[in-house]
1. For a test of understanding, tell me how many lysine pairs in the chain have Cα atoms under 27 Å apart, given they are 8 or more places apart or on different chains.
2. Evaluate 2.2 N^0.38 Å with N set to the residue count of region 1-109, then give the Cα radius of gyration divided by it.
3. Based solely on its DSSP helices, what 222 nm [θ] is calculated for the chain when runs of n ≥ 4 H residues each add -39,500 (n - 2.57) and the sum is averaged over all residues, nearest 500 deg cm²/dmol?
4. What residue among Glu36, Glu17, Glu26 shows peak mean-square fluctuation when the chain is described by a Gaussian network model with Cα springs under 10 Å?
5. Can you figure out the FRET efficiency of Asp84 with Glu17, using R₀ = 25 Å and their beta-carbon distance, to the nearest 0.05?
6. For the chain, can you list the cysteines whose C-beta has no other cysteine C-beta under 4.7 Å from it?
7. Pulled fully out, how much extra length does the chain show between Val40 and Glu69, if you take 0.36 nm times their separation in residues and subtract their Cα-Cα distance?
8. For the chain, set up a GNM with springs between Cα atoms under 10 Å and report which of Gly50, Gly73, Gly116 has the largest fluctuation.
Amino acid sequence: MKPVVGTTPRVVKSEQEWREQLSPEEYAVLRQAGTERPFVGEYTDTKTTGAYECRACGAELFRSDTKFESQCGWPSFFDPADSDAVLLREDRTLGMKRIEVLCASCHSHLGHVFEGEGYDTPTDQRYCINSISLKLVPESE
């Protein structure tokens, strides 16, 4: 994974430590910027109330009240949990220009953010996030 210019992760582990902590599928997405197949992720259609944390380091990234139905095949959010939860960087892989979303705490790959797609959300943004990058912590009743 390329380093994020000008930032230092708060959670630092060797690639061997990440490999030992994460499953091969989690490692491929979180540490190698892979993408899970659409419509198969654990949280694509979840409506449970709670917080979505980084599966690698446990930092809170998104809240369920910002999750919305986008029909894109991955969980979609219109805003991170707070302004410091994620980092954004330009991604020119696959012959296109996109904005990659990373966990600000450990710099793991989460997905991409898109703007101007016409969704009826307060920010006009769609954070398209791999389910495998997330861990949902349900709200206590």
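1. Working: Lys2/Lys13; Lys2/Lys97; Lys2/Lys135; Lys13/Lys135; Lys47/Lys67; Lys47/Lys135; Lys67/Lys97; Lys67/Lys135.
Lysine pairs satisfying the spacing and distance rule in the chain number 8.
2. Numbers: Rg = 13.9 Å, N = 109, 2.2 N^0.38 = 13.1 Å.
Dividing the Cα Rg of region 1-109 by 2.2 N^0.38 Å gives 1.07.
3. On the way: 2 runs with 14 residues, N = 141.
Dividing the helical sum by the residues of the chain leaves -2500 deg cm²/dmol.
4. Highest fluctuation among the options: Glu17.
5. Working: r = 24 Å, r/R0 = 0.96.
Calculated value: 0.55.
6. Cys72, Cys128
7. On the way: separation 29, 0.36 × 29 = 10.44 nm, distance 1.49 nm.
Here the answer is 8.9 nm.
8. Of Gly50, Gly73, Gly116, the most mobile in the Gaussian network model is Gly116.
No lab work stands behind these numbers, since they all come straight from the coordinates. All of these numbers come straight from a predicted model, not from anything done at the bench. Using ideal geometry, Cβ is built from the backbone for each residue, glycine included, and neighbour counts are taken over all protein chains shown.
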